């Protein structure tokens, strides 16, 4: 089992592929980012109740130009389909909690998952 996280750039280098081209290809085609970004980010964040599970991770990352986002991921997804549960701009815990609670209530996820 793989235990080391690799970046898109590292994977591209291993296969002698242009890293920027591979990252763009992944983001725009393979990941489905364009679809969920257009459909879900109309409210300023992404939330998918179907990807909530018993083992979740919360992390933040700087995407570009100082734009920091918080990501809620399902550990059982192992980075594949069904992993991303929420993507929320910012890192202030009270704002993140408020957005997550509101999104879960709206979707009925709190009843579904016993939260």
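Values quoted throughout were computed directly from the atomic coordinates according to the rules given, and no laboratory measurement underlies them. Since we're looking at a predicted model, the values are computed, not measured. Cβ placement follows ideal geometry from the backbone for every residue including glycine, while neighbour counts extend to all protein chains displayed.
Brief remarks follow.
- Cα gyration tensor, the range 41-102 - rounded (a/c under 1.5), prolate or oblate: prolate
- For 46, 55, order by how many other beta-carbon atoms lie within 10 Å, fewest first: 55, 46
- Listing 14, 56 from fewest to most neighbouring C-beta atoms within 10 Å gives 14, 56.
- Panel order for 68, 17, by other beta carbons found within 10 Å of each beta carbon, from fewest to most: 68, 17.
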